[in-house]
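Novice: Okay, handing you the structure first.
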Amino acid sequence: MENRLLVTSCPHLHGKESTRRIMLDVIIALIPSLIVSCIVFGIMPLVVTLISVAACVVVEWFIQRFLLKGECTLGNLSAVVTGILLAFNIPF
């Protein structure tokens, strides 16, 4: 008897939340830490975060538009979450 690996598409758990809603919840959860970092370090964390988010959105748009030539998925806000998390890892 041969053992076979069953490959299925993910996610394996289905819910009624969309990717956009989940990413929006993550953004809302990250806002308090951005506010506190602006209080502690001044306006620079906000500037770095905005630049990082803009760069991530532009790069994702460019890759999807010109390299993959597929559907643009900027509406799911994953690039925004990536930009915020990347900015939070940059030292001041």
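The values are calculated or read from the model by the stated rules, or taken from the named source; none is laboratory data. Quick caveat, the model's predicted, so the values are computed rather than measured. In this analysis, Cβ positions are derived from the backbone assuming ideal geometry, glycine residues included, and neighbour counts consider all displayed protein chains. Surface areas here come from the heavy atoms of the whole protein model, side chains and all, with no ligands, DNA or RNA. Shrake-Rupley method; radii C 1.70, N 1.55, O 1.52, S 1.80 Å.
Novice: Could you tell me the calculated FRET efficiency between Val26 and Phe92, based on Cβ-Cβ distance and R0 = 25 angstrom, to the nearest 0.05?
Specialist: 0.65
Novice: Next question, about the same structure. With only Lys, Arg, Asp and Glu charged, each at its Cβ (+1 for the first two, -1 for the last two), find how big the charge dipole of segment 5-92 is about the Cα centre; round to the nearest 20 debye.
Specialist: So the magnitude is around 140 debye.
Novice: Which value at 222 nm does the chain reach when only helices count, each DSSP H run of 4 or more adding -39,500 (n - 2.57), with the total divided by all residues and rounded to the nearest 500 deg cm²/dmol?
Specialist: Dividing the helical sum by the residues of the chain leaves -19500 deg cm²/dmol.
Novice: Right, another one. Select from Leu68, Leu86, Cys38 the residue farthest towards the positive end of the dipole of the chain; place +1 on Cβ of Lys and Arg, -1 on Cβ of Asp and Glu, and compute about the Cα centre.
Specialist: The residue sitting farthest along the positive end of the dipole is Leu68.
Novice: Next question, about the same structure. Using a 1.4 angstrom probe on the protein heavy atoms only, could you order Glu60, Glu2 from most to least accessible area?
Specialist: The ranking, largest first, comes out as Glu2, Glu60.
Novice: Could you compute how much accessible surface Phe62 exposes when probed at 1.4 Å, giving the result in Å² to the nearest 10?
Specialist: Solvent-accessible area, nearest 10 Å²: 100 Å².
Novice: Out of (1) 15; (2) 45; (3) 29, which label holds the value of percent of Cα pairs over 22 Å apart that was computed here?
Specialist: Looking at percent of Cα pairs over 22 Å apart for this model, the match is (2).
Novice: With every protein chain present, what accessible area does Leu24 have (1.4 Å probe, heavy atoms only), rounded to the nearest 10 Å²?
Specialist: For Leu24, the solvent-accessible surface is approximately 60 Å².
Novice: If you count only protein heavy atoms and use a 1.4 Å probe, how large is the accessible surface of Ile22, to the nearest 10 Å²?
Specialist: 80 Å²
Novice: Pop out the carbon and sulfur fraction of the accessible area of the chain as a percent, whole number, probe 1.4 Å.
Specialist: 70 percent
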